[in-house]
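Encoded as structure tokens, the structure appears first; notes follow it.
Just so you know, all these numbers are worked out from the coordinates, no wet-lab data involved. Predicted, not measured: the structure shown is a model, and the values here were computed from it. Every residue, glycine as well, gets a Cβ built from its backbone with ideal geometry; the counts of neighbours run over all protein chains shown.
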Amino acid sequence: MPAEKHISGRDATYMAVENDKRRPIALDAAPNGSVDSASDLPIETDSHSRTVPPRVLKPSRGSDQVCAPTPDLEGHRAALRRVFGTLSEDYSQTMFGKLVVALRPNPFEQLDEATLNAAIALVASMEPKTELEALLAVEIAAIGFAGHKFLRQSQHHLDEIFIGVYGNYAIKLLRLQLNMIQALDRHRRGNKQTVEVRHVHIHSGAQGVVGIVNAARERGGDGEK
């Protein structure tokens with residue numbers, strides 16, 4: 001039998017040491033000379049329009065530093081609290097950090113500013129109202145982006161092994177994302193069942209059947225009618 005694949009203790013220790021070097025991720029003040037005057041706080045124009053999700057600046061693709069696009073740091077932190085459906089600054093910053101880590105899972109990964117802002121917009125589109133809903137929303141976003149990453153890697157060499165391995169992981173992740181979306185929907189609906197009641201009016205002289213009616217099978221067969 002072929003040897004079972006596993007991660008060696010040396011590799012596991014190296015990964016643990018490298019990941020331990022990463023510090024908690026929080027939204028920092030805008031760096032000097034990097035203020036984006038076009039990036040304002042989210043403004044809702046009317047009761048039927050969507051709120052513009054907050055944006056962030058990411059000075060380097062290879063680091064975890066994330067900054068507010070304007071000098072109003074507290075205003076942008078408040079905007080992130082609304083995105084994550086919480087009044088807790090600790091929870092908001094923790095979930096924001098988890099989102100960054102999920103998109104850049106190891107120190108050797110690169111994370112673009114546009115990708116991070118897209119992930120924030122995705123979480124905001126789910127409009128979490130509680131910390132639990134925010135947790136599910138972050139997981140949905142993380143799983144979705146990871147699934148697309150494996151899908152891209154499956155076509156990197158157009159080799160059957162790459163397609164089979166990475167493509168299989170992509171399918172599992174995207175299916176898991178769908179399950180998570182359904183779990184969020186069930187959580188919001190609660191333990192409620194919808195019963196549809198229809199009224200059928202049968203006029204004088206007409207005939208009607210109430211119950212389950214099976215369609216007749218091919219003539220000459222012995223199927224149930």
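Oblate is the label for segment 116-210, because a/c, from the alpha-carbon gyration tensor with a ≥ b ≥ c as root eigenvalues, is 1.5 or above and a/b does not exceed b/c. Pairs over the 25 Å Cα-Cα cut-off, from the set Lys58/Lys172; Lys21/Lys58; Lys98/Lys149; Lys58/Lys98: Lys58/Lys172. Extension gain, Asn106-Gln207: 0.36 nm per intervening residue step, less the Cα-Cα distance, totals 29.3 nm.
Which percent of the Cα-Cα distances in segment 157-206 go past 12 Å?
77 percent
Using θ = phi - 60° in the Karplus curve 6.51 cos²θ - 1.76 cosθ + 1.60, the 3J(HN,Hα) couplings for segment 150-162 round to 5, 5, 5, 5, 5, 10, 5, 10, 6, 9, 4, 5, 5 Hz; x is entered for Gly and Pro.
Taking amide hydrogens as placed 1.01 Å from N in the peptide plane, the amide H of Leu57 sits under 5 Å from those of Cys67, Ala68, each at least 5 positions away in sequence or on another chain. Using Cβ point charges alone (K and R +1, D and E -1), the dipole size of segment 144-199 about the Cα centre works out to roughly 400 debye. The modelled label-to-label distance for the pair Tyr14/Asp72, using points 7 Å beyond Cα in the direction of Cβ, is 4.8 nm.
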